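Trainee: Please find one structure pasted underneath; my questions will follow.
The values are calculated or read from the model by the stated rules, or taken from the named source; none is laboratory data. Just so it is clear, the model here is predicted, and its values are computed rather than measured. Heads up, the Cβs are rebuilt from the backbone with ideal geometry, glycines too, and the neighbour counts pull from every protein chain shown. Side chains are part of the model used for accessible areas, which takes the heavy atoms of the whole protein and leaves out ligands, DNA and RNA. Shrake-Rupley method; radii C 1.70, N 1.55, O 1.52, S 1.80 Å.
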Amino acid sequence: MSQKKGFLDRVEYAGMLISCICCAMLMVLTNTDIVLRPFHIEFYLANDLNGYLLVMLIVMALPAVTRKDQHVKVKLFVNCFPSCARYFALLQHLLMFLYVTALVLICGYLAYSSGMDQLISQGFLHTPMVYPQSGMVIGLLLMWVVQGQLFVDAARLLFGTGAHAAVTGPQGE
């Protein structure tokens, strides 16, 4: 179990590091664009990359948010039904795992199709769309791994196979 937690710690750290780098790049590009506007200098790099960086910032942070159970969600059902809260949490993790699986498959197919069709963005840089779409698939794959581990931890806790994780996440929140 400690080996899996170590792996998830590394996944979470890598995603947050990439998100922080994207955030810093977003800030630098946006501020550079703002500073150059009074001089009537068009900074096309900022216009094209800000959207990609914002998406990568969000998607790469998903594994950490998922693992720490910090998604925006309604906990009303868990609070109203304490006797079946563990079953509801297991069902919640299973449905989320299936949802992320569908997202990975759909986004993976989209990235594959964009690569095969050689689609490019309509911006000034004409970025091949397979690059930002592949980054999104990588972030979703990391979230899929974390969500799968949360489902396994919830199942072990529910069926008594020795998992030390709480139903809502490994930190016991």
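Trainee: Out of everything in segment 26-46 that is surrounded by 17 or more Cβ atoms within 10 Å (Cβ to Cβ) and aliphatic (A, V, I, L, M), what residue ends up being nearest to the chain's Cα centre (by Cα)? Walk me through how you get there before you give the answer.
Mentor: Residues of segment 26-46 surrounded by 17 or more Cβ atoms within 10 Å (Cβ to Cβ): 26, 29, 33, 46.
Applying the additional criterion that residues be aliphatic (A, V, I, L, M) yields 26, 29, 46.
Details: Leu26: 18, Leu29: 23, Ala46: 23 Å.
Looking at residues that are surrounded by 17 or more Cβ atoms within 10 Å (Cβ to Cβ) and aliphatic (A, V, I, L, M), I get Leu26.
Trainee: Something else: Contact list please: Cβ distance under 8 Å, first residue in segment 7-24 and assigned to a helix (DSSP H, G or I), second residue open to solvent by 80 Å² or more (accessible area, probe 1.4 Å), pairs at least six apart or on different chains.
Mentor: Ser19/Ile58; Cys22/Leu54
Residue-by-condition table, conditions (1) part of a helix (DSSP H, G or I); (2) among the hydroxyl-bearing types (Ser, Thr, Tyr); (3) at pLDDT below 90:
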residue: Leu45; (1), (2), (3): yes, no, yes
residue: Leu49; (1), (2), (3): yes, no, yes
residue: Leu57; (1), (2), (3): yes, no, no
residue: Asp69; (1), (2), (3): no, no, yes
residue: Val74; (1), (2), (3): no, no, yes
residue: Phe88; (1), (2), (3): yes, no, yes
residue: Leu94; (1), (2), (3): yes, no, no
residue: Val100; (1), (2), (3): yes, no, no
residue: Gln133; (1), (2), (3): yes, no, no
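Trainee: Filter segment 103-130 for residues that are of a type outside the set (D, E, K, R), part of a helix (DSSP H, G or I) and exposed (fewer than 14 other Cβ atoms within 10 Å of the Cβ) and give the result.
Mentor: Taking segment 103-130 and keeping what is of a type outside the set (D, E, K, R), we get 103-116, 118-130.
Narrowing the set further to residues that are part of a helix (DSSP H, G or I) leaves 103-116, 130.
Residues satisfying the conditions are Leu105, Ile106, Tyr109, Ser113, Met116.
Trainee: Also, I was wondering about something else. From (1) open to solvent by 50 Å² or more (accessible area, probe 1.4 Å); (2) modelled with pLDDT of 90 or more; (3) hydroxyl-bearing (Ser, Thr, Tyr), pick out the condition that doesn't hold for Ser19.
Mentor: (1)
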